[in-house]
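Before any comments, here is the structure.
Taken together, the values in this text are just the output of simple stated rules run on the coordinates, not laboratory data. Small disclaimer: the values here were computed from a predicted structure and weren't measured. Virtual Cβ from ideal backbone geometry, glycine too; neighbours counted across all protein chains shown.
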Amino acid sequence: MTLNKSSQLSWWQKKKRSIIKRLLIRFVNSSDSYVIQHLPEILSDTNIKFSQLRESWIYQNEDNNNKDLVRLLFLITTVEELKKSNIQGALAELGVYRGNSAKILHSLCPERDLYLFDTFTGFDEKDCEPEKESAGGFSNTSLEQVQNFVGKKDTIHYFQGYFPETTHQLDPNIRYALVHLDADLYKPTKSGLEYFYDKLVPGGVLILHDYNNSRWPGVAMAVKEFFGDKPEMPIVIPDKSGSGLIRKV
Ligand SMILES: C[S@@+](CC[C@H](N)C(=O)[O-])C[C@H]1O[C@@H](n2cnc3c(N)ncnc32)[C@H](O)[C@@H]1O
């Protein structure tokens, strides 16, 4: 039987760990918006630097993302679980905006291919129904800005333009361990499900941001339609915008 790593630590190592943990909790709670009692145990067993990830998470998006540290922790624990359970495959994100969630995914898995899809000019007018949204929502970003933040590396692949049209440039044989759908609207969410579902490996995860969010009803509509005849069902995550999580059978 192998011992749990933490029981092999010296008294001083354990003490140091507990002091750091308490300081981190005080730091996270200092925003006064979200209160968490403890960072997940998983963070103390890895090289993850939570404060660095938090900096990336709120970079140029502090107003929204500082109120949603639960979502950041959710992304971290989901990726770590994939790595621990040895689920192989690339990562993809539809809906990148300024690159905050993309940066987190890449920081946690720098060796895996990461495929990023966005117009980088905001919502396309083709997607504005049925929600009656205006074209150009989330246009205050650019491909260059995101590349400078997330990185320009061989493993990071940017697809600028209208999804799903941009998928024509992509090898259909790529298999994914994690797909993050965060395009807010019905049409791109439905297209994202149609494109990625069959390409997700068994045990792979599909993160459906805004699934339980009345501000973006098209996401739940697309998910309910698509999963009507599939074996999986979403679990709702208690983050600010009600992300949904599906693990492929
Ligand atoms: C909420 S933002 C993404 C936020 C990002 N995932 C984060 O957490 O940092 C939604 C993005 O989806 C993109 N988007 C929506 N529909 C799209 C489509 N059909 N093709 C490409 N990008 C689209 C928008 O341009 C916008 O940048």
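Values for this structure:
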| read-out | value |
| --- | --- |
| Lys/Arg +1, Asp/Glu -1 at C-beta; segment 48-247 dipole; positive extreme among 89, 185, 168 | 89 |
| Rounded to 5, the percent of DSSP beta bridges in the chain classed as antiparallel | 25 percent |
| Of the DSSP H helices in the chain, those whose Cα atoms cover at least 30 Å axially and whose Kyte score averages -0.5 or more | none |
| Segment residue 134-residue 13, extension gain: residue separation times 0.36 nm, minus the distance between their alpha carbons | 38.1 nm |
| Alpha carbon Rg of the chain, scaled by the compact-globule rule 2.2 N^0.38 Å | 1.04 |
| Lys, Arg +1 and Asp, Glu -1 on Cβ, resulting dipole of segment 48-247 about Cα centre, debye, nearest 20 | 600 debye |
| Estimated [θ] at 222 nm from DSSP helical runs (n ≥ 4, -39500 (n - 2.57)) normalised by residues in the chain, nearest 500 | -10500 deg cm²/dmol |
| Mean Cβ count within 10 Å, highest first, over the residues of peptides 181-190, 11-20, 130-139 | 181-190, 130-139, 11-20 |
| Contact order relative to length of the chain, as percent, for alpha carbon pairs under 8 angstrom and 6 or more apart | 16 percent |
| Cα lying deepest toward the dipole's positive end in segment 48-247, options 121, 150, 51, charges on Cβ | 51 |
